[in-house]
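Right, one structure below, let's go through it.
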Amino acid sequence: MSDIADMSDKNVETFIASAIANACNKPLMKSTGHCRFCEEAVPPDLLFCNRDCRDDFEKFQSAGIRNGVAN
């Protein structure tokens, strides 16, 4: 038979698993209708106009993180 501490642990584990799942499903950036790198118009569900802009954006972000610059 479970005691109160066991039930509480199960509730906490369930809550944490749910929070992690919710955080993983949220996009980090929202689409604005413009490429996040070059500002070219893109369909509403896209963040970048092509792979090159996406890759350049990621390189730019990584460089900023390495250099301690908030992007």
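Considering only residues that are among the aliphatic types (A, V, I, L, M) and exposed (fewer than 12 other Cβ atoms within 10 Å of the Cβ), which ones fall in segment 41-65?
ALA41, ALA63, ILE65
Select from segment 38-54 the residues that are closer than 16 Å to LEU28 by Cβ and of a type in the set (D, E, K, R) and write down the one among them that is modelled with the highest pLDDT.
Taking the candidates together, the pick is ARG54.
Which numbered condition trips up CYS38, out of (1) surrounded by 10 or more Cβ atoms within 10 Å (Cβ to Cβ); (2) in a helix (DSSP H, G or I); (3) hydrophobic (A, V, I, L, M, F, W, C)?
Just one mismatch for CYS38, condition (2).
Quick check on my filter: what residues within segment 49-71 are under 15 Å from the mean Cα position of the chain (by Cα) and assigned to a loop (DSSP other than H, G, I, E, B)?
Answer for segment 49-71, where residues must be under 15 Å from the mean Cα position of the chain (by Cα) and assigned to a loop (DSSP other than H, G, I, E, B): just ASN71.
Looking at the structure I just gave you, is GLY68 exposed (fewer than 11 other Cβ atoms within 10 Å of the Cβ) and either touching a strand residue (DSSP E or B) at 6+ places or on another chain (Cβ under 8 Å) or aliphatic (A, V, I, L, M) (or both)?
When the stated conditions are applied, GLY68 does not pass them.
The values are calculated or read from the model by the stated rules, or taken from the named source; none is laboratory data. A quick note: this is a predicted structure, and the numbers were derived from the prediction, not measured. As a convention, Cβ positions derive from the backbone with ideal geometry for all residues, glycine included, and neighbour counts pool all protein chains shown.
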